[in-house]
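> Here's a structure for you.
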Amino acid sequence: MSNTPKTAIIIGGGIAGCSTAYALATRGIKVTLFERHAEVASEASGNPQAMLYPRISGEDAASQFALDSYLYSLEFFKTLKLNPADFNVCGMLQLGFNPRELARIQKVAAQSHAEDVLKYVDSDEASSLAGIDLTHDALYFPKAAWVNPQQLCHHLTAHENISVKTLNNVSNILKNNDLLEIYSEDILIEKADVAIIANANDAQNLGLNLYLKTQAVRGQVSILETTDISQKIKSIICSDGYLSPEDNGEHSLGATFSVDNMDDRLDEEDHLANLFKLKSFSLPLHENLKNNIKGGRVSFRCTSFDYFPLVGELLDNSLLKAKPPRPNAQPNSLPWVKGLYINVAHGSRGFTSAPFCAELLAQVICQEPLTMNVELACLLNPNRFALRKIGLKRLAKMFPSSTPAKIS
Ligand SMILES: Cc1cc2nc3c(=O)[nH]c(=O)nc-3n(C[C@H](O)[C@H](O)[C@H](O)COP(=O)(O)OP(=O)(O)OC[C@H]3O[C@@H](n4cnc5c(N)ncnc54)[C@H](O)[C@@H]3O)c2cc1C
């Protein structure tokens with residue numbers, strides 16, 4: 001008998017929801033995706049351009065996750081055959097713009113990475129790759145790219161097995177016998193074999209007792225009109241911010257980070273903070289672009305306290321607290337809400353991490369052999385904070401599903 005469910009519900013139409021929908025739909029599962037706005041990619045996933053690059057520092061798990069998800073997602077996007085105007089493999093330069101960053105990029109360059117993944121370049125080579133004069137040495141990622149988020153999300157959800165229901169605000173999820181039911185204003189709107197929560201910071205507002213330890217991080221991106229000089233920029237340039245090559249006469253310059261400002265209106269000071277980042281690329285470039293801000297966009301990242309996404313099957317947190325398992329309990333004896341999964345907390349790199357995690361989730365749901373390193377998958381366990389809170393540190397590191405991993 002096949003282990004594949006027949007139907008799935010997804011809550012949230014950002015990159016996490018859309019890529020999870022696609023991963024399930026390509027396995028023959030009928031997916032209904034609910035989005036509260038009129039369009040998919042309307043919140044964090046709605047910037048004009050998303051940069052696809054990793055930030056790595058050493059051989060730690062976070063760097064491994066960043067690199068693996070970046071390489072996976074670039075290959076995945078290539079298979080989608082997106083319109084070339086919406087997906088541009090332009091490469092990316094990470095500048096050694098201060099002593100700490102220079103030491104980091106030198107350390108990364110000394111690790112054994114293939115040259116087509118990353119390489120150290122001096123300021124002359126960096127300038128020639130960028131198309132403008134740069135004064136810093138850099139780490140160059142030749143495969144890095146930018147993608148148009150809205151076109152990407154529309155493309156992913158155009159699959160024949162996906163039905164998108166926009167202007168639908170999900171207020172509740174209930175487990176009823178073997179099915180997951182979702183409600184809007186107390187009205188049952190859909191039921192399915194499995195449900196996936198992919199609504200970022202609003203995961204806590206679905207009537208469930210979840211302990212996710214996520215927080216909203218405000219970000220503002222500035223949109224700049226190109227100049228004759230800036231039009232020559234060929235690759236993404238990055239210091240503690242990023243500048244994209246032009247798209248339709250515009251650059252994206254980003255982004256700010258704030259955990260104590262939840263205002264969704266554009267802020268002039270944030271534009272100035274973004275412009276200030278340009279100074280670390282090149283003072284003449286800052287001078288050239290500083291009067292060219294023509295707009296911007298504010299949205300909110302969803303970040304977990306350890307910066308790893310939350311991906312996998314959920315435990316019933318009320319039962320966990322009411323009857324804590326023994327420290328040596330086996331995973332199959334825990335109070336799973338079978339069929340209820342989550343894919344959230346993609347922080348600042350959702351366009352690389354979410355598709356990677358969507359593939360993991362589809363493999364978990366369909367009980368397929370894993371392609372992700374199992375140790376990395378365990379770090380994503382969405383129950384880790386709840387289990388740690390009741391002292392079950394060993395279980396917090398377990399595979400994120402009631403069904404053990406199959407290794408390929
Ligand atoms: C300024 C800024 C710049 C960024 N730049 C980059 C970048 O260059 N590269 C990169 O990889 N990442 C970047 N990021 C991060 C990236 O945007 C996020 O990681 C990613 O968009 C998260 O996707 P998501 O699907 O988890 O969340 P979201 O895109 O926020 O999607 C969640 C969706 O759920 C919907 N929803 C919520 N509640 C409900 C409900 N109850 N019912 C129905 N629908 C609901 C929302 O309307 C929303 O559409 C940036 C973020 C910011 C803020």
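> Does the stretch 56-63 include one or more residues that are touching a residue at least 24 places away in the same chain (Cβ under 8 Å), buried (at least 18 other Cβ atoms within 10 Å of the Cβ) and on the phi < 0 side of the Ramachandran plot?
Looking for residues that are touching a residue at least 24 places away in the same chain (Cβ under 8 Å), buried (at least 18 other Cβ atoms within 10 Å of the Cβ) and on the phi < 0 side of the Ramachandran plot, one finds at least one in the stretch 56-63, hence yes.
> So, one more: Here are some residues: 192, 198, 203. Which one is under 23 Å from residue 336 (Cβ atoms), among the hydrophobic types (A, V, I, L, M, F, W, C) and touching a helix residue (DSSP H, G or I) at 6+ places or on another chain (Cβ under 8 Å)?
Answer to the selection: 198.
> Sticking with this one: From 186, 178, which residue is touching a residue at least 60 places away in the same chain (Cβ under 8 Å) and not hydrophobic (A, V, I, L, M, F, W, C)?
Being touching a residue at least 60 places away in the same chain (Cβ under 8 Å) and not hydrophobic (A, V, I, L, M, F, W, C) holds for just one of 186, 178, which is 178.
> Suppose we keep only residues that are more than 12 Å from residue 382 (Cβ to Cβ) and surrounded by fewer than 17 Cβ atoms within 10 Å (Cβ to Cβ) within the stretch 192-215. Which one would you say is nearest to the ligand (Cβ to nearest atom)?
205
> Does any residue of the stretch 47-57 turn out to be away from the ligand (no atom under 14 Å from the Cβ) and not hydrophobic (A, V, I, L, M, F, W, C)?
yes
> Quick check, is residue 290 away from the ligand (no atom under 16 Å from the Cβ), modelled with pLDDT of 95 or more and farther than 26 Å from residue 180 by Cα?
Yes, satisfied.
> Would you point out which residue out of 167, 156, 179, 174 is touching a Cys at 6+ places or on another chain (Cβ under 7 Å) and modelled with pLDDT of 95 or more?
Answer to the selection: 156.
> Something else now. Hey, residue 175 hits all of (1) away from the ligand (no atom under 15 Å from the Cβ); (2) part of a strand (DSSP E or B); (3) surrounded by 18 or more Cβ atoms within 10 Å (Cβ to Cβ) but one; which does it fall short on?
The one condition residue 175 does not meet is (3).
> Could you please find all residues in the stretch 241-254 being in a loop (DSSP other than H, G, I, E, B) and free of Cβ contacts under 8 Å to residues at least 60 places away in the same chain?
241, 246, 248, 249
> Now for a different question. List every residue pair whose Cβ atoms lie under 6 Å apart, where the two residues are 6 or more positions apart in sequence or sit on different chains, the first residue falls within the stretch 338-363 and is over 11 Å from residue 307 (Cα atoms) and in a helix (DSSP H, G or I), and the second residue, located anywhere, is among the β-branched types (Val, Ile, Thr) and near the ligand (Cβ under 10 Å from one of its atoms).
Between residues of the stretch 338-363 that are over 11 Å from residue 307 (Cα atoms) and in a helix (DSSP H, G or I) and residues that are among the β-branched types (Val, Ile, Thr) and near the ligand (Cβ under 10 Å from one of its atoms), the close pairs are 350/15; 351/15; 354/15; 358/20; 361/20.
> Is one or more of the residues making up the stretch 76-93 modelled with pLDDT of 95 or more, within 18 Å of residue 240 (Cβ to Cβ) and out of contact with any Phe, Trp or Tyr (no Cβ under 8 Å at 6 or more places or on another chain)?
no
Condition check ((1) among the basic types (Lys, Arg); (2) part of a loop (DSSP other than H, G, I, E, B)) across all residues:
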{"residue": "37", "(1), (2)": "no, yes"}
{"residue": "55", "(1), (2)": "yes, yes"}
{"residue": "63", "(1), (2)": "no, no"}
{"residue": "66", "(1), (2)": "no, no"}
{"residue": "70", "(1), (2)": "no, no"}
{"residue": "74", "(1), (2)": "no, no"}
{"residue": "93", "(1), (2)": "no, no"}
{"residue": "97", "(1), (2)": "no, yes"}
{"residue": "102", "(1), (2)": "no, no"}
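> It is to be established whether one or more residues within the stretch 79-87 are without any contact (Cβ under 8 Å) to a residue 40 or more places away in the chain, more than 16 Å from the ligand (Cβ to nearest atom) and at positive phi.
Yes; the residues of the stretch 79-87 include at least one that is without any contact (Cβ under 8 Å) to a residue 40 or more places away in the chain, more than 16 Å from the ligand (Cβ to nearest atom) and at positive phi.
> I'd like the full set of residues that are surrounded by 18 or more Cβ atoms within 10 Å (Cβ to Cβ) and assigned to a helix (DSSP H, G or I), limited to the stretch 379-395.
379, 384, 385, 386, 387, 395
> Select, from 361, 340, the only residue that is among the hydrophobic types (A, V, I, L, M, F, W, C), more than 18 Å from the chain's Cα centre (by Cα) and within 16 Å of the ligand (Cβ to nearest atom).
Exactly one residue qualifies, and that residue is 340.
> Still on this model: Does any residue in the stretch 113-135 that is farther than 16 Å from residue 281 by Cβ and assigned by TED's automatic domain parsing to the domain that holds residue 230 come within less than 6 Å, Cβ to Cβ, of a residue that is at pLDDT 95 or above and part of a helix (DSSP H, G or I) six or more places away or on a different chain, and which pairs are these?
From residues that are farther than 16 Å from residue 281 by Cβ and assigned by TED's automatic domain parsing to the domain that holds residue 230, the pairs are 120/109.
> Here's another thing I want to ask about it. Among the residues of the stretch 305-333, count how many are part of a loop (DSSP other than H, G, I, E, B) and modelled with pLDDT of 95 or more.
So the answer is 6.
> Residue by residue through the stretch 216-259, note down the ones that are within 14 Å of the ligand (Cβ to nearest atom) and in contact with an Asp or Glu (Cβ under 6 Å, 6 or more places away or on another chain).
220, 223, 256 - these are the residues of the stretch 216-259 that are within 14 Å of the ligand (Cβ to nearest atom) and in contact with an Asp or Glu (Cβ under 6 Å, 6 or more places away or on another chain).
> For the stretch 295-310, which positions are of a type in the set (Phe, Trp, Tyr) and surrounded by fewer than 20 Cβ atoms within 10 Å (Cβ to Cβ)?
Across the stretch 295-310, the qualifying residues are 300, 305, 307.
> Since residue 38 meets every condition but one in (1) more than 8 Å from the ligand (Cβ to nearest atom); (2) surrounded by 17 or more Cβ atoms within 10 Å (Cβ to Cβ), which condition does it not meet?
If we test residue 38 against (1) more than 8 Å from the ligand (Cβ to nearest atom); (2) surrounded by 17 or more Cβ atoms within 10 Å (Cβ to Cβ), just (2) comes out false.
The values are calculated or read from the model by the stated rules, or taken from the named source; none is laboratory data. Remember, it's a predicted structure, so these values are computed and weren't measured experimentally. Note: ideal-geometry Cβ built from the backbone for every residue, glycine included; neighbour counts use all protein chains shown.
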